[in-house]
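K.L.:
What follows is a single structure, and I will ask about it in a moment.
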Amino acid sequence: MIVGYARVSTTGQSLAVQQDELAKHGCERIFEDKATGTNRDRPGLNEMLGFVREGDVVVVSRLDRFARSLSDLFQLLDLLNEKDVAFQCLHQSIDTGTSTGKLTLAILGAVAEFENDLRRERQRDGFAKAKAGGTYKGRKPSIDIAMLRELRDAGMGPSAIAKQMGINRQSVYRLMGG
């Protein structure tokens with residue numbers, strides 16, 4: 001059976017383009033998610049992984065719709081391989097049913113992870129530059145530290161402070177320095 005998987009990152013995005021591509025490729029059943037790729041709780045993906053059987057083929061339109069990192073990709077492919085299920089990616093012309101497809105997939109996955117690392121590096125460098133220039137100060141603390149200290153100095157215990165401030169007791173310990 002040819003099984004499709006489609007995913008968009010937010011509920012405001014449409015799955016229609018991916019659904020059309022997968023249907024044209026002959027997918028008899030299409031599983032869907034509206035969640036970020038980094039989200040571990042993807043019901044459609046989990047259902048698809050439980051549904052596929054030996055000899056099936058899982059088809060996705062693009063690699064980034066299936067996995068967000070190289071390790072995630074290979075974990076998913078290992079799960080499919082254990083079930084003797086092939087994997088195809090339409091835009092990147094990948095078919096794990098062939099040796100060339102397996103090699104191509106490994107190379108593309110490595111390049112994609114490299115690009116993500118470069119993006120994160122540039123983002124960190126941008127934050128550091130903005131902080132140094134005084135234009136980025138970070139997020140404002142959500143906890144009133146002065147109030148926390150006042151309550152502590154008044155003899156209130158960590159559990160009582162946490163309850164009064166509506167925060168976790170561990171946060172009180174962390175902010176009080178132990």
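K.L.:
Under 7 Å by Cβ, and 6 or more places apart or on different chains, what pairs join a residue from the range 131-144 that is more than 21 Å from MET176 (Cβ to Cβ) with one that is at pLDDT 80 or above?
P.N.:
As it stands, the answer is TYR136/PHE127; TYR136/ALA130, since those pairs meet every condition given.
K.L.:
Mind checking whether some residue in the range 65-75 is of a type in the set (Lys, Arg), closer than 17 Å to ARG7 by Cα and in contact (Cβ under 8 Å) with a residue 60 or more places away in the chain? I'd like the intermediate steps shown before the answer.
P.N.:
So in the range 65-75, the residues of a type in the set (Lys, Arg) come out as 65, 68.
Then keep just the ones that are closer than 17 Å to ARG7 by Cα; that gives 65, 68.
From what is left, the residues that are in contact (Cβ under 8 Å) with a residue 60 or more places away in the chain are 65.
Looking through the range 65-75, at least one residue is of a type in the set (Lys, Arg), closer than 17 Å to ARG7 by Cα and in contact (Cβ under 8 Å) with a residue 60 or more places away in the chain.
K.L.:
Further question on the same structure: Looking only at the range 46-61, count how many residues are out of contact with any strand residue (DSSP E or B) (no Cβ under 6 Å at 6 or more places or on another chain) and either outside any loop (DSSP other than H, G, I, E, B) or buried (at least 22 other Cβ atoms within 10 Å of the Cβ) (or both).
P.N.:
Count: 5.
K.L.:
Still on this structure, I have one more. Look at GLN13 and say whether it is without any contact (Cβ under 8 Å) to a residue 24 or more places away in the chain and either closer than 19 Å to ALA110 by Cβ or touching a Lys or Arg at 6+ places or on another chain (Cβ under 9 Å) (or both).
P.N.:
Spelling it out, GLN13 is indeed without any contact (Cβ under 8 Å) to a residue 24 or more places away in the chain and either closer than 19 Å to ALA110 by Cβ or touching a Lys or Arg at 6+ places or on another chain (Cβ under 9 Å) (or both).
K.L.:
Continuing with the same structure: Give me a count of the residues in the range 70-112 that are part of a loop (DSSP other than H, G, I, E, B) and either out of contact with any helix residue (DSSP H, G or I) (no Cβ under 6 Å at 6 or more places or on another chain) or at pLDDT 85 or above (or both).
P.N.:
Narrowing the range 70-112 to residues part of a loop (DSSP other than H, G, I, E, B): 83-85, 90-93, 96-98.
Okay, now just the ones that are also either out of contact with any helix residue (DSSP H, G or I) (no Cβ under 6 Å at 6 or more places or on another chain) or at pLDDT 85 or above (or both), so 83-85, 90-91, 93, 96-98.
So the count comes out to 9.
K.L.:
What pairs come out if I take residues in the range 85-96 that are in the same structural domain as SER61 (by TED's automatic domain parsing) and without any contact (Cβ under 8 Å) to a residue 60 or more places away in the chain and pair them with residues that are assigned to a loop (DSSP other than H, G, I, E, B) and of a type in the set (Phe, Trp, Tyr) whose C-beta lies under 8 Å away, six or more apart or interchain?
P.N.:
Cβ pairs passing all conditions: CYS89/PHE66.
K.L.:
Continuing with the same structure: Take the range 123-165 and flag every residue that is modelled with pLDDT under 85 and not in a helix (DSSP H, G or I).
P.N.:
The answer is GLY134, THR135, TYR136, LYS137, GLY138, ARG139, LYS140, PRO141, SER142, ILE143, ASP144.
The values are calculated or read from the model by the stated rules, or taken from the named source; none is laboratory data. Here the structure is a predicted model, which means the values were calculated and not measured. Please note: Cβ atoms are built from the backbone with ideal geometry, for glycine as well, and neighbour counts cover all protein chains shown.
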